[in-house]
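Down below is the structure, laid out as structure tokens.
The values are calculated or read from the model by the stated rules, or taken from the named source; none is laboratory data. This one's a predicted model, so the numbers in the text were calculated from it and none came from an experiment. Here the Cβ positions follow ideal geometry from the backbone for every residue, glycine too, while neighbour counts run over all protein chains shown.
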Amino acid sequence: MAGFRVLWASEFIESARETYSANFPETPLDARDIRKVTAADVLEATGLEVGELDILEGSPPCASFSSAGKREKHWGKVKKYSEGSQRTDDLFFEYARLLRGLKPKVFVAENVAGLTKGVSKGWYLDVLDALRAAGYVVDARLCDAQWLGVPQTRQRVIFVGVRKDLKLKPAFPKPLPYRYSVRDAFVGLPAQALAVRTRDGRRSPALPAPTVQTHGNRKTRSELTLEGPSIGGYAVEREYDGLKQGGQSARYFNLIRANEHAPSPAITALGGANPGVASVTHPTEARKFSIAELKRICAFPDDFKLVGTYSQQWERLGRAVPPVMMSHIARTIADEILAKIRRKS
């Protein structure tokens, strides 16, 4: 979206790899645990020399630092992550290791706002030290997606670093003077994308789910549901009925009835686990958002392909940095840092 060309990518989770490959089949995608990847591997795959790369961008998994999670109880431990198991609290230091070896002109890294709060703040300071020790002028800002073109309140810590020899400072996008609401986001969606799905999972035979071919010759449904699952018959439905738009349940903390006239609350990775799980819900209907609606809320293109179950598709969107948000960050780096480097050379 910001005009960059992606030369290499890394992804450990299978369904996330399938989604990435379905949308960007031309990009080399390394499936190994990042701990096994060396800077030499990346340079060989991209044909670059040390220091030639414009941007190294990465978002080490952040569940270990989420304010909504158990945080320090899982630090140092291998635990379930998506459909696999992995230790995740140390991955920022693997990022710093690759940064030292690749020496890109600029880097961008991302994590949850919880990294800077409470017991996690020590990790945050250690991360800053590791990134600076790699030879970079580093700054970090708390950015909220709702002020960067995304119809969702989603706070993320964005780290930007510039290699010290380039003698430039990090740059961040300025907040936009407007926001998009849930109602704004849904303008132009086809009627079938807004329909309600029955609790027993039945759907109209006139609305077949399209498929994409993934590696291994296995077909996976790319849009398992064009409709959002109904929460009818579950305990959360009774709570939902008592909430006004924008209201949050006191009993089920994660149950929030979105306000159609405001940005959506943050979409979490596990909200699509099943219809009875408390999560952000539709503002006017007792159901979860459809995948088509979630794409809009998470600022993904309508034609972006998602593979796997409804829950897996929701998870991909819930874990992602909204593309429109990141495009504002990338354009700022292109205009205020990389353009200056080119003029100097």
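Would you check if there is a residue in the stretch 146-159 being in contact with a Leu (Cβ under 9 Å, 6 or more places away or on another chain), of a type outside the set (V, I, T) and without any contact (Cβ under 8 Å) to a residue 40 or more places away in the chain? Yes, the stretch 146-159 has at least one match.
Sort through F289, F304 and tell me the only one that's surrounded by 15 or more Cβ atoms within 10 Å (Cβ to Cβ), within 28 Å of Y178 (Cβ to Cβ) and in contact with a His (Cβ under 7 Å, 6 or more places away or on another chain). From the options F289, F304, the qualifying one is F289. Here K169 meets the list (1) of a type in the set (K, R); (2) at pLDDT 95 or above; (3) surrounded by 14 or more Cβ atoms within 10 Å (Cβ to Cβ) almost entirely, failing just condition (3). Summed over the stretch 20-45, residues that are buried (at least 17 other Cβ atoms within 10 Å of the Cβ) and at pLDDT below 95 total 1. Restricting attention to the stretch 47-90, report how many residues are surrounded by 15 or more Cβ atoms within 10 Å (Cβ to Cβ) and either modelled with pLDDT of 95 or more or among the aliphatic types (A, V, I, L, M) (or both). Residues flagged as surrounded by 15 or more Cβ atoms within 10 Å (Cβ to Cβ) and either modelled with pLDDT of 95 or more or among the aliphatic types (A, V, I, L, M) (or both) within the stretch 47-90 amount to 7.
Has the stretch 173-187 got any residue that is part of a loop (DSSP other than H, G, I, E, B), among the β-branched types (V, I, T) and at pLDDT below 50? Spell out the reasoning first.
Kept after step one, since they are part of a loop (DSSP other than H, G, I, E, B), are these residues of the stretch 173-187: 173-181, 186-187.
Next cut, among the β-branched types (V, I, T) only: 187.
Next, from what is left, pick out any that are at pLDDT below 50: none.
Within the stretch 173-187, not a single residue is part of a loop (DSSP other than H, G, I, E, B), among the β-branched types (V, I, T) and at pLDDT below 50.
Considering only the stretch 303-337, state which residues are part of a loop (DSSP other than H, G, I, E, B) and either under 21 Å from A113 (Cβ atoms) or touching a residue at least 24 places away in the same chain (Cβ under 8 Å) (or both). Answer for the stretch 303-337, where residues must be part of a loop (DSSP other than H, G, I, E, B) and either under 21 Å from A113 (Cβ atoms) or touching a residue at least 24 places away in the same chain (Cβ under 8 Å) (or both): F304, K305, L306, V307, G308, T309, A320, V321, P322. In the stretch 15-29, the residues that are touching a residue at least 60 places away in the same chain (Cβ under 8 Å) form Cβ pairs under 8 Å with partners that are among the hydroxyl-bearing types (S, T, Y), at six or more places apart or across chains, as follows: S15/S82; A16/S82; E18/T214; E18/T220; S21/T214; A22/T214; A22/S222.
Do the conditions hold for A140, that is, is it closer than 26 Å to W314 by Cβ and out of contact with any Cys (no Cβ under 8 Å at 6 or more places or on another chain)?
When the stated conditions are applied, A140 does not pass them.
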